[in-house]
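This report refers to the structure that appears directly beneath it.
The values are calculated or read from the model by the stated rules, or taken from the named source; none is laboratory data. If you're wondering where the values come from, they're calculated on a predicted model, not measured in any experiment. A quick note on method: Cβ atoms are made from the backbone with ideal geometry, for glycine too, and the neighbour counts reach across all protein chains shown. To get the accessible areas, we keep the full protein, side chains included, count just its heavy atoms, and leave off ligands, DNA and RNA. Shrake-Rupley method; radii C 1.70, N 1.55, O 1.52, S 1.80 Å.
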Amino acid sequence: MEALINALKTSVQEGSTRLNTISRGLSDKVRSLRLLPLSTLFQSFPRMVRDLAKQQSKAVDLIIEGEETTVDKHILEEIKDALMHMIRNAIDHGIETSAERERLDKSSIATIWLRGYQTASSVIIEVADDGRGLDIEKIKQTAAKRGLYRPEELDNMTTSQLHNLILASGFSTRTFITEISGRGVGLDIVRRNVEHLKGNIQIESIPGKGCTFRIQLSTSLTTTNVLLLEVQGIVHALPLDFVQTSLMIFQSQITTIDGQDTLILGEQAIPIVDLNDLLKLPNSPIQNTVNLEFSKDSLRPCVLLKVGEEQAAFLVDRLLDTQEVVLKPLGPLLRQVHYVIGATILGTGDVCMILNPPELIQSLKLPVLSSLSVKPKDTLRHKPVILLVEDSPLVRIQERRLFENAGYEVVIAVDGLEGYKKIKTRNFSAVVSDVEMPHLDGLSLTAKIRQHQEYDELPIF
């Protein structure tokens, strides 16, 4: 019997290994079916550059590099308008006329580079030119005139932050609108397209030498590698493309500079914030029995994110693991939720929010949310109670598990009539109801509950 059991165990292990190998192979082949070379996108730009340059009476050469780099088909379709806008912008705003270039001891023929290349987990697309570059002083004047920032705030910004101002909605240093690039719409259309693709854009410019727009995108929109972490007992994920490192820090490593909590790491001063405060989770019901404190003698996990030249550190409660997950985009109703780019379902069946690193770093330019000094976090004495009205047993079990895992107490009603009777038995924080049910449907249940004045403010979903 022992020999038979060992033989069966070995057979199962070998079968499992073969199955995993076949599964990974199939996954790679399915992923490769969605990949197309950048040449399918780049091939339409040479004629456009030639026509626009002629229209502007400018001499421009377009150099294309890395057109063999492969990208998800959906990315190619979505990024085309953004690249077209940047090239139009370079010809209209960045490139000088031949006569002006000769006065500046430049070649009379300007050059625009369109490059594509791949890193370990991202694809980079660059649009660069050897034109006049960005005028920092004009950017400051325009930002102050439009009321985006005060002059003293602009003086304290880094060059990279000033460059990024041109991506603000409606921002333009031009006093008139041209048909070639602006048409009354600024580079914010590029930023929106890139953010929609879960990417980020970086700008580099040398006055008189030229400007480079660098777009970083994931090679696939369907899966991504993430770092799983825990904040207030809730698991969140961060795309590994933007995670520079993770470390444990002491309170003594944090100081305050110009009203901003700052992590001193070697010779670097990096802005830092508690991710719990940023996500506004201090009263999360799942953490009602946990009281975390950050003292000078205790270590706490910290994640260092980097987007372009911008860095920021975020304190978390626990670092868990890294894994590849399937990224599910948010629906239309949740598209405006801050700091979140999508969601995934973990192996445990729990829904996990995937955070947006560029937006997290951008948030640190706003007023500081809270201090990281030693203080106990608020705790809840009682769990909030939800009345769950659902006639389907399978759906009822799944929903109950989700609510309980999120820290709620759940009271069950199997139809609308039972739900109406139970609403009077105790104080509920919310009612979650199905629509089609026997005896009393969800809409009729809502109407009957609203007949009572004491339930006017009760949330019903």
Given (1) under 25 Å from residue 192 (Cα atoms); (2) among the basic types (Lys, Arg); (3) open to solvent by less than 30 Å² (accessible area, probe 1.4 Å), number of the condition residue 115 does not satisfy: (3)
Can you list residue pairs whose Cβ atoms sit under 8 Å apart, with the first residue in region 102-118 being under 19 Å from residue 92 (Cα atoms) and the second being of a type in the set (Lys, Arg)? Count only pairs 6 or more apart in sequence or on different chains. 107/101; 108/101; 110/58; 110/101
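Among the residues of region 212-220, are any closer than 21 Å to residue 159 by Cα, at pLDDT 80 or above, in contact with a Leu (Cβ under 7 Å, 6 or more places away or on another chain) and part of a strand (DSSP E or B)?
Residues of region 212-220 that are closer than 21 Å to residue 159 by Cα, as a first pass: 212-216.
Subset that is at pLDDT 80 or above: 212-216.
Still in the running and in contact with a Leu (Cβ under 7 Å, 6 or more places away or on another chain): none.
No, region 212-220 has no match at all.
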Scanning region 92-108 for residues that are assigned to a loop (DSSP other than H, G, I, E, B), open to solvent by 50 Å² or more (accessible area, probe 1.4 Å) and among the small types (Gly, Ala, Ser) gives 107
Evaluation of residue 84 against (1) loosely packed, with under 13 Cβ neighbours inside 10 Å; (2) under 23 Å from residue 198 (Cβ atoms); (3) without any contact (Cβ under 8 Å) to a residue 40 or more places away in the chain (one fails), failing number: (1)
Output for Cβ contacts, cut-off 8 Å, separation at least six or different chains, first residue of a type in the set (Phe, Trp, Tyr) in region 31-48, second open to solvent by 40 Å² or more (accessible area, probe 1.4 Å) and assigned to a helix (DSSP H, G or I), reads 45/84
Going by the conditions given, is residue 287 at negative phi, surrounded by 15 or more Cβ atoms within 10 Å (Cβ to Cβ) and at pLDDT below 80? yes
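Within region 118-140, take every residue that is among the β-branched types (Val, Ile, Thr) and open to solvent by 30 Å² or more (accessible area, probe 1.4 Å) and give me the one that is modelled with the lowest pLDDT.
119
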Kindly list, by first and then second residue, each pair from a residue in region 394-420 that is farther than 22 Å from residue 439 by Cα and at pLDDT below 85 to a residue that is open to solvent by 70 Å² or more (accessible area, probe 1.4 Å) and not polar (S, T, N, Q), limited to pairs with Cβ atoms under 7 Å and residues at least 6 apart or on different chains. 407/383
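May I ask you to list the residues in region 167-197 that are part of a loop (DSSP other than H, G, I, E, B), modelled with pLDDT of 75 or more and either open to solvent by less than 20 Å² (accessible area, probe 1.4 Å) or within 25 Å of residue 238 (Cβ to Cβ) (or both)?
So in region 167-197, the residues part of a loop (DSSP other than H, G, I, E, B) come out as 168-187, 197.
From what's left, modelled with pLDDT of 75 or more: 168, 187, 197.
Once the filter is applied, which keeps residues that are part of a loop (DSSP other than H, G, I, E, B), modelled with pLDDT of 75 or more and either open to solvent by less than 20 Å² (accessible area, probe 1.4 Å) or within 25 Å of residue 238 (Cβ to Cβ) (or both), region 167-197 yields 187, 197.
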How many of the residues making up region 138-165 are assigned to a helix (DSSP H, G or I), out of contact with any strand residue (DSSP E or B) (no Cβ under 7 Å at 6 or more places or on another chain) and among the polar types (S, T, N, Q)? 4
Return the pair list, or none, for Cβ contacts closer than 9 Å from residues in region 324-350 that are farther than 28 Å from residue 274 by Cβ to residues that are open to solvent by 100 Å² or more (accessible area, probe 1.4 Å) and among the aliphatic types (A, V, I, L, M), at least 6 apart or on different chains. 326/345
